[in-house]
Amino acid sequence: MRIVALEEHFTVPRIAAGIAPEVVARRGFPGPDFPWAQTLKRSELAELGAARLADMDQSGISVQVLSVAGPGADLVPGQAGIDLARAYNDALAEACARHPTRFRGFAHLPLLAPEAAAAELERAVRDLGFHGVLVNGATDGRFLDHPMYAPVLAQAAALELPIYLHPGIPTPAVRAAYFDDLPGNFGFTLALSAWGWHADTAIHVLRLALGGALDRHPGLRLVIGHMGEALPFMLDRIDETTAAEAKLRLRRSVRQTILDQVWITTSGFFTLTPFMAALMAFGADRIMFSVDYPFASNARARAFLDALPVSPADRAKIAHGNADRLLRLAG
Ligand code: ZN
């Protein structure tokens with residue numbers, strides 16, 4: 001069975017080294033004294049050759065759609081950020097050219113310069129053959145519903161390719177209010193993978209829906225990972241509590257807006273409880289396999305895919321069919 005995974009990460013250390021350490025630290029990335037440095041997977045992220053392909057082969061993963069793991073060009077203002085994004089995208093295009101049947105790309109954008117970001121997205125798709133864009137959370141505290149990002153949303157809609165809304169480290173004010181002052185490293189973990197990332201990304205989607213951006217760009221397609229970032233569980237509640245005002249301000253209910261324009265992936269989530277909620281809320285046409293390599297295991301993700309309680313036709317949609325269509329991977 002063809003298997004496509006689309007929340008799969010890489011970095012290029014020589015390019016990342018061009019970002020000032022104080023800028024990286026300000027965004028909240030852990031420094032060299034981080035107690036679990038191995039969880040950062042630096043060497044796996046930097047490898048785009050035989051070892052990555054061997055790991056994919058062992059689990060029967062046909063294609064990784066690759067995206068930059070932070071820190072990235074969204075931390076760097078002006079021409080330097082624009083140059084950094086171009087360098088990342090060119091490096092990824094080279095890796096894809098070396099293994100064109102195995103690696104595909106999501107664009108990386110200089111989001112502090114939105115007009116340039118829209119232009120870089122167009123270049124990455126038209127000239128480099130990429131399949132959309134991945135955005136790591138808020139940029140300087142702003143989500144993509146901010147009016148400054150209208151050119152990026154319009155560009156993605158015009159290209160008919162998705163924006164993957166990936167988690168980013170919550171802003172300092174959010175971290176201070178919700179996550180600091182816990183014992184040991186609980187505050188860091190709770191702000192990121194245990195809770196904060198997922199709440200943050202769900203809020204990103206909801207701001208785009210409630211703020212009207214998805215109505216203004218009805219051709220815009222969003223992808224979110226982690227089995228829908230808790231939206232499958234919350235969607236009925238959100239729909240009910242926003243229904244009256246949505247009738248006045250939006251073209252559709254919030255539920256319909258999200259079901260029309262959002263796809264979800266299985267990245268990092270390999271248990272049945274959240275999958276069943278995702279299947280019931282979004283349906284098999286909107287769920288796509290992903291791993292979150294190298295932070296999650298290809299083997300574990302593959303075993304989960306094989307064990308899903310779905311028909312062979314739905315398993316094929318989740319494994320590759322939905323992604324092939326949404327990202328135009330086959331052509
Ligand atoms: Zn990820």
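The values are calculated or read from the model by the stated rules, or taken from the named source; none is laboratory data. The shown structure was predicted, so the numbers you read here are calculated from the model rather than taken from an experiment. Cβ atoms come from the backbone with ideal geometry, glycine included; neighbour counts cover every protein chain shown. Keep in mind that these areas ignore ligands, DNA and RNA; they rest on the heavy atoms of the full protein, side chains included. Shrake-Rupley method; radii C 1.70, N 1.55, O 1.52, S 1.80 Å.
Some observations on this one:
- With the simple model of a label 7 Å out from the Cα in the direction of the Cβ, residue 115 to residue 54 spans 4.9 nm.
- Ordering of 242-254, 55-67, 77-89, 271-283 by packing is 55-67, 77-89, 271-283, 242-254, highest average first (other Cβ atoms within 10 Å, averaged per residue).
- Per-residue ellipticity at 222 nm from helix content only, as computed over the chain with -39500 (n - 2.57) for each DSSP H run of at least four residues, stands at -13500 deg cm²/dmol.
- DSSP-defined beta bridges in the range 4-327 - what % are antiparallel, rounded to 5: 5
- Calculated FRET efficiency for the pair residue 142/residue 33, C-beta based, R₀ 22 Å, to 0.05: 0.15
- Percent carbon-and-sulfur accessible area, the range 4-327, ignoring ligands, DNA and RNA, probe 1.4 Å: 58
- Accessible surface, the range 1-139, averaged per residue in Å² (probe 1.4 Å): 40
- 3J(HN,Hα) couplings calculated from phi for the range 241-257 with the Karplus curve 6.51 cos²θ - 1.76 cosθ + 1.60 (θ = phi - 60°) are, in sequence order, 7, 9, 4, 4, 6, 4, 4, 7, 10, 10, 6, 9, 5, 5, 4, 5, 4 Hz; Gly and Pro show x.
- Integer Hz, Karplus 6.51/-1.76/1.60 couplings in order for the range 155-171, x for Gly and Pro: 5, 4, 5, 5, 7, 6, 10, x, 9, 8, 8, 9, x, x, 5, x, 5
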